[in-house]
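Have a look at the structure below before the remarks.
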Amino acid sequence: MARLEQDILFTPIPERIARLRELAYNLWWTWHPEAQDLYRQIDPDLWELDYHNPVEFLRDVRQRKLEEAAANPTYLQRYDAVMKSLDAYMGAKKTWYTQRHSDAADVQIAYFSAEFGLHESLPIYSGGLGILSGDHVKEASDMGLPFVAVGFIYPQGYFRQRLDPSGWQQAEYNKLNFADVPAIPALDPDGREVVVEVELPGRTIYAKVYKFQVGRVNLYLMDTDIHPNSPQDRELSARLYGGDQEMRISQELVLGVGGVRALRRLGYRPTVWHMNEGHSAFLVLELCRELVNQGVPFEEAVQQVKAHSVFTTHTPVPAGNDAFPLPMMEKFFWSYWPQLNLTRDEFMALALQEQQWGPTFAMTALALRFSEYHNGVSKLHGHVARGMWQWLYPGKSQDEVPISAITNGVHTATWLAPELRALYDAYLGKNWEDNLDDPKIWRKVYQIPDEVLWSARQKLKRQMIAFARQRLQAHYRFVGQSAPIWPVLEDHVLTLGFARRFATYKRATLLFKDLERLKYILNRPDKPIQIVFAGKAHPRDDPGKHFIQQVYQLSMQPGLAGRIVFLEEYDIAVGRALTQGVDVWLNTPRRPYEASGTSGMKASLNGVPNCSVLDGWWPEAYNGKNGWAVGEEREYISQDEQDWNDAQALYNLLEHEIAPRYYEGRDANGVPTAWVQICKEAIATVAPTFSLRRMLTEYVEQFYLPAAGYGVPVK
Ligand SMILES: *Cc1c(COP(=O)(O)O)cnc(C)c1O
């Protein structure tokens, strides 16, 4: 591979397995466990130490280990098989896209997101939005879409979470060494490195563009930590969602405006522009500016830009939608609006939103006004978004507001446990992945013998518990304490998982409303229950941090200790372990603030049923047989009343339905057959419909192709 400054840092690799380098630089390995195993098998301890990062691994590994692998016939067999499948993938002429849409030429989809969650070793995501973007890129690659993605490589990433002995969250920022991630400097068609310029108040800021290969898709991430930016500007892209509002508007300018310029410099001519959330919405202004610069009148430019633009809104909480005060907009855009042939007032009117704290320029309003195609991320969220943004469409009723819904999904190969993949390979029929969004195929999970599925699930649970114990031991070592009760968690006990961002609307502490009742339910001798928690609060969200502290301290209390644990540093690795390894996935948001949620989809794909408030995606999936619904589908006047009712409903479910179903009615082999039916129903109903394949098919057919000028949008 050409052009790596860090070439010399690598341990020399024996010729026979030299392509381990190339593989490390194609994030295809992130959704192919057999590719990850090629590194793990060489040195399992180092693989863990380097946090599953093959680039770092190849730098750190002892040459002797590489030579041993290169001389091991079993290893070479696996190596050859992986390389063969990588080559087949990269060279495939027949893909979902070529087969379905061979007539659509000149389609180029550009996808913008502030975060991409691709793997635990690349910490440039904070939560669901980033995971969705990462999954979106992977599936675009799998489906063979003409697709390019743009974002930031945050050198300090999102923070690492540590809890102090009182359970208070500490944020640690570790500087990402670019030599340690699969990034190469992006090159323009003439082979020069790409650095883009964006005007900020009183100065020009430069962003260097890096290329990440994600299967067949190129992901370009910008970095402002370069010469000759001022120290302050070098920090601009340092952290995901760090800094104040000025930092944020600067970041969004670089993302939207700089991102368009980066694609131009790289030679792309996108015909579809997809803004994943409003952070990148300044891109529509840049597209208009390009047209105005070519002599197109502004109004006409808007119509053209709109026809090719797609916008996905994710945030039903009003405060979560970015909006900048007008004086700040003036400071950043005074030299920009003349380039659009607009006056100040005309410019501000493009996205004016009156807030309680004054008039603002609202990114969601901008994105909605400048895109023909826009959606919420579940049916319920679509409805909520139509209500939130109704004011932008005078004269329209809520139902007529043109915001549709495309419900989120998860990338199957990323989140599916290898143990279950083996079963699906055996029972769903060859090539099941070619049509993995087809519900008919998934009915075949009913042919998996109960004891086979049960024993795979038990194995995943034991692995998860081992993982959780390791994490807990590391925590207690770090804070210099011995664990309060050891061993924590038991293999045979019904295990609930609750892992998510600790935003207060997610109500992580709902379960603790009535402590005495909870203790009783967790400690029934014949039907015990244990719960694994994980989650981060935003560094400025003190109420969220209090929730974490509360859960942490409760996990030490008599009656709860040993039954409740809190794992630090919720990330993709923890998410994978928990969604694959627990028995029930718990979700208790305050309805209707969960736009979609995706962790529950990961769980069900792995045969873990959901026990969830009917919020986000769950009302679409729940059928009475594939999990449980907490509380009622209604709105409350008082939050206390809502919390109390939901908590009681949850206790009743746990005590009277879930635990009995898990522990009773075991067959001669100890298999709870009625329980396994729920697991199967969860897989069969959730895996196809809440896959990224189904989701992206909808984006392609309802949005991308029409935006590129093909076909009629299905509304
Ligand atoms: C899947 C996932 C999320 C999003 O899950 P929600 O259901 O939206 O809470 C967030 N963080 C991580 C690490 C994940 O894996």
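Worth pointing out:
- Extreme residue, nearest to the chain's Cα centre (by Cα), among residues of segment 114-131 that are more than 8 Å from the ligand (Cβ to nearest atom) and of a type in the set (A, V, I, L, M, F, W, C): Leu129
- Set Gln245, Gln232: member being touching a helix residue (DSSP H, G or I) at 6+ places or on another chain (Cβ under 7 Å) and surrounded by fewer than 20 Cβ atoms within 10 Å (Cβ to Cβ): Gln245
- Condition check for Tyr336: in contact (Cβ under 8 Å) with a residue 24 or more places away in the chain and over 30 Å from Thr407 (Cα atoms): yes
- Any hit, segment 377-389, residues being aliphatic (A, V, I, L, M), modelled with pLDDT of 95 or more and either under 20 Å from Glu701 (Cα atoms) or outside the structural domain of Glu299 (by TED's automatic domain parsing) (or both): yes
- Residue match in segment 573-589 (condition: among the aliphatic types (A, V, I, L, M), in contact with a helix residue (DSSP H, G or I) (Cβ under 7 Å, 6 or more places away or on another chain) and over 13 Å from Phe498 (Cα atoms)): no
- When the residues of segment 292-322 are filtered to those that are within 19 Å of Thr504 (Cα to Cα) and in a helix (DSSP H, G or I), the one that is nearest to the chain's Cα centre (by Cα) is Gly320.
- Test: residue in segment 54-65 that is farther than 26 Å from Ala499 by Cβ and within 23 Å of the chain's Cα centre (by Cα): yes
Each row is one residue, and each column tells you yes or no for (1) within 14 Å of the ligand (Cβ to nearest atom); (2) more than 30 Å from Asp571 (Cα to Cα); (3) surrounded by fewer than 20 Cβ atoms within 10 Å (Cβ to Cβ).
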position	(1), (2), (3)
Asn606	yes, no, no
Trp617	yes, no, no
Ala629	no, no, yes
Ile637	no, yes, yes
Trp644	no, yes, yes
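- So Pro189, is it within 18 Å of Phe116 (Cβ to Cβ) and in a loop (DSSP other than H, G, I, E, B): no
- Taken as a whole, the structure leaves Met363 outside the set of residues that are closer than 23 Å to Ala301 by Cα, free of Cβ contacts under 8 Å to residues at least 60 places away in the same chain and among the aliphatic types (A, V, I, L, M).
- Just so you know, in segment 470-487 the residues that are crowded, with 17+ Cβ neighbours inside 10 Å and modelled with pLDDT of 90 or more include one that is nearest to the ligand (Cβ to nearest atom), and it is Arg471.
- Residues located in segment 382-425, provided they are of a type in the set (S, T, N, Q) and either within 16 Å of the ligand (Cβ to nearest atom) or not in a loop (DSSP other than H, G, I, E, B) (or both): Gln390, Gln398, Ser404, Thr407, Asn408, Thr412, Thr414
- Some residue of segment 474-482 being within 26 Å of Ser604 (Cα to Cα) and touching a residue at least 60 places away in the same chain (Cβ under 8 Å): no
- Of the residues making up segment 385-419, those that are of a type in the set (A, V, I, L, M) and surrounded by fewer than 22 Cβ atoms within 10 Å (Cβ to Cβ) number 5.
- Hey, Glu15 exposed (fewer than 15 other Cβ atoms within 10 Å of the Cβ) and in contact with a helix residue (DSSP H, G or I) (Cβ under 9 Å, 6 or more places away or on another chain) or not: yes
- Count - residues of segment 42-66 that are over 28 Å from Val217 (Cα atoms) and either of a type in the set (S, T, N, Q) or not in a helix (DSSP H, G or I) (or both): 5
- Long-range neighbours under 6 Å by Cβ, at least six apart or interchain, first residue in the same structural domain as Asp37 (by TED's automatic domain parsing) and surrounded by 13 or more Cβ atoms within 10 Å (Cβ to Cβ) within segment 47-76, second part of a loop (DSSP other than H, G, I, E, B) and of a type in the set (S, T, N, Q): Tyr51/Ser121; His52/Ser121; Asn53/Ser121; Val61/Thr11
- Output for segment 330-368, where each listed residue is buried (at least 21 other Cβ atoms within 10 Å of the Cβ) and of a type in the set (D, E, K, R): none
- Residue in segment 560-571 that is within 16 Å of the ligand (Cβ to nearest atom) and basic (Lys, Arg) present: no
The values are calculated or read from the model by the stated rules, or taken from the named source; none is laboratory data. On a predicted model such as this, the values are computed, not experimentally measured, just so you know. Cβ atoms come from the backbone with ideal geometry, glycine included; neighbour counts cover every protein chain shown.
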